[in-house]
Amino acid sequence: MLASCRSLALRFGIQSAMARVNKLLDQILRGGADANIPFPGMLQLLKRFGFQERIKGSHHIFSRDGVAEILNLQPHSGKCKPYQVKQVRNVIINYRLAGEADA
């Protein structure tokens, strides 16, 4: 019984995390609320897309093989800066990464 509860909780947690990532991706691609994207969610999304992160001070620098652009993000009151959300959106669209969030 305990094992099945743990299994259910783990499965729900994974599905819930994927739902959050997909919701965030939709919000970014729509572009209507660039000033309201949570910074931790953006970090998680970029990692799911296969970007490698390095941190220097408050700068989170993301790079990925096959993507020429380097994304340099800084938090602002727990949110992403709007111009950085636009940069991320352009990379997702130009490199057709949107389908990779489910992987």
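All of the numbers you see were taken from the coordinates with simple rules; none came from a lab. The structure displayed is predicted, hence computed values, not measured ones. When we count neighbours, we look across all protein chains shown, and the Cβ atoms used for this are built from the backbone with ideal geometry, even at glycine.
At a glance:
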{"item": "Amide H partners (placed H, <5 Å) of Cys80, local residues excluded", "result": "Ile37, Phe39"}
{"item": "Restricting region 36-101 to trypsin sites (Lys or Arg not before Pro) in coil, as DSSP defines it, with at most 13 other Cβ within 10 Å", "result": "Arg96"}
{"item": "FRET efficiency, Ser63 to Ser16 (Cβ-Cβ, R0 35 Å, nearest 0.05)", "result": "0.75"}
